[in-house]
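Trainee: The structure follows.
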Amino acid sequence: MSLPFFLEFGWIPTVLTVDPAFVEGFRDPVLEASVPKDVRVIKVKAFSTKHTRKVGLGALGMRALWHMQKAGNRLLKKEKFDLIYFSTTAFHVCWLGQYWKRKFKIPFVIDLQDPWRNDFYLDKPKHLRPPKHGFAYSIHKKMEGDTMPKASGVVSVSKGYIEMMEQRYGLLSKKVPMEVIPFGASSRDFEIAGEQKVEPYSFENFGQKINVAYIGAVTPFFLPIIEAFFSVFLETCTNPHLYHFYFLGTSYTANAEKRIEKLAQKLGITNLVTEQTDRIPYFQALRTLESTDIIFIPGSQDKDYNASKVYNCILSKRPIFSIFNEESLVKSIIEKSGSGIAVGVGASDDFTMLKNKIKARIGEFFGLEKRPIELNYALTNQFSDRYFTEKQTTLFERAISFESK
């Protein structure tokens, strides 16, 4: 998103990344081809999972850590760089920020896209925790504790994550530059998807039913909202067989449990729901958004949840029906952009309250596929890829100034 604009704002990027041959999961050659040709990209190896899984290690960040360190050392020793920017959820490699800062005296900024050390499962029974949770948590706690207090700046998709870092490490009190900067959306990417003739996901009932699609991971936080929506839908819809709901790319792991189809079975609507847990390529996701009748975004009851996927949904110009916390930033953006409906809920709402608030707006869902979308482009410019890149580079300057004091 940022690479096409860095030079415009005075920065020359060099990308250090893992060679796709060492990354598990699907390949997206169109995504790689969209990187500007004048940007230098250096690819490194990683230890193969054929060997590392024998000792229970599959995380890409851990498998690539030694190779990243070695390649980065060569690069930083040979050339002059002003800043190191980590933008990845493979958090283990972010640990190299404090190492390189100490070794080469170069400031580093971390883009905190998700919680690194996640305390969510600490008070949960052991049988509800993910496999190897204790081991992974200990590593994340140690590496985050080594790294974050040394950061020269922090970018985050959520204000809540910044508050978390302040609580743990007192970064704001140390006047470390920190700012909420979510992922932007690129109208050019929609054009690329069309130019490359990328095919959308194939809806089984295209043109015969009203297809409703959600594209993205489904976390346990979403399930009560999705169940409440379906419950209200079944209570109020006179012709439910006219609709089909698609949940695509719902898990980051292969062969994951189909939580939505399990919920559909519980509610007796398996004939109305299709779930694909495997992720779909980015540009195919854009084309799919453009081809669906209604975009459904279950959102979260957390007011700090800032779904960057919302911005691409808006640019697709398809009507949106979403459910977010009443105070959520993206709720107001959906409404002000003119792209659809955003049902407001509270953080402490129980299942009955969720249903009541959805029921108050469900009438706007029926017939939504016919609603013409006239976007507020003055607003959409404020979440464009170029706009957020400018904010990133402004923080880069602040990070350098912070370290020079």
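The values are calculated or read from the model by the stated rules, or taken from the named source; none is laboratory data. Since the structure is predicted, the reported quantities are computational estimates derived from the model, not experimental observations. FYI the Cβ positions are ideal-geometry reconstructions off the backbone, even for glycines, and counts take in every protein chain you see. All accessible areas refer to the heavy atoms of the entire protein, side chains included, with ligands and DNA or RNA removed. Shrake-Rupley method; radii C 1.70, N 1.55, O 1.52, S 1.80 Å.
Trainee: Just to be sure I understand: with springs between alpha-carbon atoms less than 10 Å apart, which residue in GLU195, GLU257, GLU166 has the highest mean-square fluctuation in the Gaussian network model of the chain?
Mentor: So, out of GLU195, GLU257, GLU166, the one fluctuating most is GLU195.
Trainee: Further question: Using label points projected 7 Å from each Cα along Cα→Cβ, tell me how many nm separate GLU335 and ALA59, to one decimal.
Mentor: According to this spin-label approximation, the distance is 3.9 nm.
Trainee: Which whole number in µm²/s is D for the stretch 240-345 by Stokes-Einstein, with the Kirkwood Rh taken over Cα pairs at 4 °C and 1.567 mPa s?
Mentor: 88
Trainee: Provide the per-residue ³J(HN,Hα) series for the stretch 284-300, in order, calculated from phi with Karplus coefficients 6.51, -1.76, 1.60 and θ = phi - 60°, each as a whole number of Hz, with x at glycine and proline positions.
Mentor: Taking θ as phi minus 60°, the curve returns 5, 4, 4, 5, 5, 4, 5, 9, 7, 7, 9, 9, 10, 10, x, x, 7 Hz for the stretch 284-300.
Trainee: Using only the Cα atoms of the stretch 316-405, what semi-axes does the equivalent ellipsoid have when each is the square root of 5 times a gyration tensor eigenvalue? Give whole Å, largest first.
Mentor: 35, 20, 7
Trainee: I would also like to ask the following. Taking all protein chains together and a probe of 1.4 Å, list ILE12, ILE260, ILE400 from the most accessible to the least accessible.
Mentor: ILE12, ILE400, ILE260
Trainee: Please compute one quarter of the surface area of the Cα convex hull for the stretch 108-154 and express it in square nanometres.
Mentor: Its Cα hull, projected and averaged over all orientations, spans 3.6 nm².
Trainee: Still on this structure, please answer the following. Regarding the stretch 1-118, what are the three Cα extents along the principal axes, ordered largest first, in Å?
Mentor: 45, 37, 31
Trainee: Please go through the stretch 249-331 and write out the chymotrypsin sites (Phe, Trp or Tyr not before Pro) that DSSP classes as loop and that have at most 16 other C-beta atoms within 10 Å. List each step's numbers first, then the result.
Mentor: Details: sites: TYR252, TYR282, PHE283, PHE296, TYR305, TYR311, PHE321, PHE324; in loops: TYR252, TYR305.
Listed in order of number, the matching sites are TYR252.
Trainee: Could you work out the pair-distance distribution P(r) of the stretch 175-289 from its alpha-carbon pairs, with 10 angstrom bin width and percents rounded to whole numbers?
Mentor: Taking all Cα pairs of the stretch 175-289, the binned fractions are 12, 36, 32, 16, 4, 1 percent.
Trainee: For the stretch 100-177, what is the relative contact order in percent, using Cα pairs closer than 8 Å and at least 6 residues apart in sequence?
Mentor: In percent, rounded to a whole number, it is 40.
Trainee: Next up: Could you give me D for the stretch 333-379, from Stokes-Einstein at 10 °C and 1.306 mPa s, where the hydrodynamic radius is the Kirkwood radius over C-alpha pairs? Units µm² s⁻¹, please.
Mentor: 130
Trainee: Accessible area per residue for the stretch 173-281 in Å², computed with a 1.4 Å probe and the full protein assembly in place, what is it?
Mentor: Value returned for the stretch 173-281: 49 Å² of accessible area per residue.
Trainee: Still on this structure, I have one more. Suppose a student asked you for the relative contact order of the stretch 207-334, using Cα pairs under 8 Å spaced at least 6 residues apart; what percent would you report? Each step should come with its number before you reach the end.
Mentor: Details: 201 pairs, mean separation 34.0, N = 128.
Computed over the stretch 207-334, the figure is 27 percent.
Trainee: In nm², what is the average projected area of the convex hull enclosing the Cα atoms of the stretch 114-220? Walk me through the numbers before you get to the answer.
Mentor: Details: hull surface 45.5 nm².
Quarter of the Cα hull surface area: 11.4 nm².
Trainee: Got the relative contact order for the stretch 190-253 handy, in percent, Cα pairs under 8 Å and 6 or more residues apart? Let's see the in-between values first.
Mentor: Working: 42 pairs, mean separation 30.8, N = 64.
48 percent.
Trainee: Roughly what percent of Cα-Cα pairs across the stretch 215-276 reach past 14 Å?
Mentor: Here the tail beyond 14 Å accounts for 56 percent of pairs.
Trainee: Something else now. Taking Cα atoms, how many degrees apart are the long axis of helix 60-78 and the longest axis of the chain, rounded to 10 and kept between 0 and 90?
Mentor: 40
Trainee: OK, next. Using the 2.2 N^0.38 Å rule of thumb for compact globular proteins, work out how the chain stacks up: its C-alpha Rg over that value, please.
Mentor: Expressed relative to 2.2 N^0.38 Å, the Cα Rg reads 1.02.
Trainee: A further question follows. Going Cα to Cα from LYS357, which aspartates and glutamates come in below 17 Å? Please leave out same-chain ones fewer than 8 positions away.
Mentor: GLU227, GLU235, ASP302, GLU326, GLU327, GLU335, ASP349
Trainee: Report in % the part of the accessible area of the stretch 301-405 that belongs to carbon and sulfur, leaving out ligands and nucleic acids; probe 1.4 Å.
Mentor: The C+S portion of the solvent-accessible surface of the stretch 301-405 is 49 percent.
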